[in-house]
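Undergrad: Next up is a structure, given as structure tokens.
The values are calculated or read from the model by the stated rules, or taken from the named source; none is laboratory data. All of these numbers come straight from a predicted model, not from anything done at the bench. Glycine also receives a Cβ, built like all others from the backbone with ideal geometry; neighbour counts cover every protein chain displayed. Side chains are part of the model used for accessible areas, which takes the heavy atoms of the whole protein and leaves out ligands, DNA and RNA. Shrake-Rupley method; radii C 1.70, N 1.55, O 1.52, S 1.80 Å.
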Amino acid sequence: MKINIIENSLCDAEFSENARPEHIVAYIESLREFGASYIEMVTDAFLLLPPASDLSKIILRMTSPRDLLYINSFDFAYVVLPANLSEYASEIKHPIISEIALHGSNMIQITAMFEKTFDFSNVSMIRFVDDFNLSAAEMADLIRKYRSRYCRPIDICPTNKLTNAVDEAISAVMARSDSITMRFGSYERFAELQDYTISLATLYGVAPSPQTILALCKCDSLYRILYGKNAESALADLRSSQIAPHYIRNVDRSLPEIPSERSIRTSYIRQPELRKDKGDAMYNKLRSMLVDDITARELEEEIDKYCTKLCNNDRNKKNN
């Protein structure tokens, strides 16, 4: 079963002064090379895209009624409609992802507003945002419950208050969610796409291909250009150690009991249950599944060429 990945880092539109439309386009292309099914963004990011851009895999997030002008003027794949804006569902012509946080203030009122959107046939998917703290089995029960209640595909967007967002994203995949929403970069609130990828390799043996690593490293370079900061995470550690097995962090520590124990640079990951006689061997195998030194050097050369090309293009445009 293929699970769609929605990447939502472009919901942050606080770009650096060096950001250019071509950087956003290259960033989107790199995310798609990695395997992101859709790219979610807010209107301020969308307005920086060049005219006639392909929007077939772009999701626009509605943040205010003013967004309706753009929503109905362009051919987006989906529109994300938060529960507090549900009253505008009737004015949206595109397929809707109806979003609700499972825990929060005024839940009775918010849920009533959220469920009103199901009167409209273009509500195509439901997104649940939460600090789930669920095992894969518990996540599967939750997904079955809401699929049955609302008769729509389910998107899971785990948040990171309990430092377990990446773990919950993996639980959602194992529970066969239709879609998961994550964010590339260094964010406190969401599961980080790069940490999710590396955790799959180190804990579950789903090793990324060199092409996948290259795509993520291209994203990392473009992220620095767009936002003027490093996407500090497991990916940065991976590159600094020449894609060696020393980047596994926070796997062996216990689950923090209170949120104040969290680190803003990493998430707790629940280790797979292994039999004692095979645990050490499996762990060592997963640690050795990474890219060899020769491939690492080749990847770094490709990344350097890519970054140099971006810088040269930018310099030429400024000179012209």
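Undergrad: Say R0 is 35 Å: what FRET efficiency, to the nearest 0.05, do residue 224 and residue 121 get from their beta-carbon distance? Before the final figure, lay out the partial values.
TA: Details: r = 43 Å, r/R0 = 1.22.
Result of the calculation: an efficiency of 0.25.
Undergrad: I've got another one for you. A 23 angstrom limit on the alpha carbon distance is what I want to check against. Which of 57/145; 57/218; 57/93; 93/116; 2/161 exceed it?
TA: Cα-Cα > 23 Å for 57/145; 2/161; rest within.
Undergrad: Once neighbouring chains are kept in place and the probe is 1.4 Å, which whole percent of the accessible area of segment 142-194 is contributed by carbon and sulfur? Walk me through the numbers on the way to the answer.
TA: Details: 880 of 1750 Å².
Carbon-and-sulfur percentage of accessible area, whole number: 50.
Undergrad: What number, in percent, do you get for the relative contact order of segment 73-141 if the mean sequence gap of Cα pairs under 8 Å and at least 6 apart is divided by its residue count? Write out the running numbers ahead of the final one.
TA: Values: 86 pairs, mean separation 22.8, N = 69.
With pairs under 8 Å counted, the relative contact order is 33 percent.
Undergrad: Remind me, relative contact order of segment 28-75 in percent, using alpha carbon pairs under 8 angstrom and six or more residues apart? Please report the intermediate quantities before stating the final value.
TA: Numbers: 33 pairs, mean separation 17.8, N = 48.
Relative contact order for segment 28-75 comes out at 37 percent.
Undergrad: If I compute solvent accessible area with a 1.4 Å probe over the protein chains, what percent of it on segment 13-74 is carbon and sulfur?
TA: Numbers: 1480 of 2870 Å².
Reported share for carbon and sulfur atoms: 52 percent.
Undergrad: May I ask you to list the trypsin sites (Lys or Arg not before Pro) in segment 1-80 that are in a DSSP loop and have at most 11 other Cβ atoms within 10 Å of their Cβ?
TA: 2
Undergrad: What net charge do the residues around residue 151 carry, taking every other residue with its C-beta under 14 Å from that of residue 151, with Lys and Arg at +1 and Asp and Glu at -1? Present the calculation step by step, with values, prior to reporting the outcome.
TA: Values: positive: 144, 145, 147, 149, 152; negative: 115, 119, 178.
In short, +2.
Undergrad: Okay, next question. Nearest 0.05, what FRET efficiency do residue 47 and residue 107 give at R0 = 35 Å with Cβ-Cβ as r?
TA: 0.55
Undergrad: Two decimals, Cα atoms only, Kirkwood Rh: what is Rg/Rh over segment 12-112?
TA: Numbers: Rg = 14.9 Å, Rh = 14.8 Å.
For segment 12-112, the value is 1.00.
Undergrad: Another question about this same structure. Listed highest first by mean packing, meaning other Cβ atoms within 10 Å per residue, what order do 14-20, 221-227 come in? Before the final figure, lay out each step's value.
TA: Numbers: 14-20: 13.4, 221-227: 21.0.
Per-residue Cβ counts within 10 Å, averaged per peptide and sorted highest first, yield 221-227, 14-20.
Undergrad: Okay, moving on. Can you give the accessible area per residue of segment 1-139, in Å², using a 1.4 Å probe?
TA: 46
Undergrad: Summing Lys, Arg as +1 and Asp, Glu as -1, what charge do residues with Cβ under 11 Å from the Cβ of residue 85 carry, residue 85 excluded?
TA: Numbers: positive: 61; negative: 67, 87, 91, 99.
Taking every other residue near residue 85 into account, the sum is -3.
Undergrad: Please list, in chain and number order, the residues 5+ apart from residue 181 or on another chain whose amide H is under 5 Å from its amide H, with Hs placed from the backbone.
TA: 6, 156, 157
Undergrad: In nm, give the distance between the simple-model label positions of residue 135 and residue 209, each being 7 Å from the Cα along the Cα-to-Cβ direction.
TA: A separation of 3.5 nm, rounded to one decimal place.
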